[in-house]
Amino acid sequence: MPGQLNVLLAEAGVPYDIVLEMDEINADFPETDLTLVIGANDTVNSAAEDDPNSIIAGMPVLRVWNSGQVIVMKRSLGVGYAAVDNPIFYKDNTSMLLGDAKKTCDALLAKILES
């Protein structure tokens, strides 16, 4: 994970030993049926690899777009810190779930627990 995300995960009490680095997890995405992206934008932006003219070209990213399906949870389709549009939002294998991520995760968990 990018360094700043490690700090956020630590603050949330996520054990460090279960967190994978980008080079460890990127190889898994082609065999992943579903990836749930919560609130990320620049760290999952395919323009970093696909657009040599992008201001984020060459930035390490999580290649979530290689998963079978991607669900991105964000408040809006707005750009991230780098102010770059994210092409994965418009890929055929991506669905956008807009709204408050905490409320949405809680609702999804409640539905799963009902089953």
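The values are calculated or read from the model by the stated rules, or taken from the named source; none is laboratory data. Remember, it's a predicted structure, so these values are computed and weren't measured experimentally. Cβ coordinates were reconstructed from backbone atoms using ideal geometry, including for glycine residues, and neighbour counts include every protein chain displayed. For accessibility, only protein heavy atoms count, side chains too; no ligands or nucleic acids. Shrake-Rupley method; radii C 1.70, N 1.55, O 1.52, S 1.80 Å.
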Of all trypsin sites (Lys or Arg not before Pro) in segment 1-80, the ones in DSSP coil with at most 13 other Cβ atoms within 10 Å are Arg75
Calculated from the structure, Kirkwood radius over Cα pairs in Å equals which of [x] 15.1; [y] 16.3; [z] 17.0? [x]
Probe 1.4 Å, heavy atoms of protein chains only: per residue, the accessible area of segment 7-74 in Å² is 57
Of 34-47, 5-18, 77-90, ordering from highest average Cβ density within 10 Å down gives 34-47, 77-90, 5-18
What is the extension gain from Cys105 to Thr32, computed as 0.36 nm multiplied by their sequence separation minus the C-alpha to C-alpha distance, in nm to one decimal? 24.3 nm
Carbon and sulfur together cover what percent of the accessible area of the chain at a 1.4 Å probe radius? 58
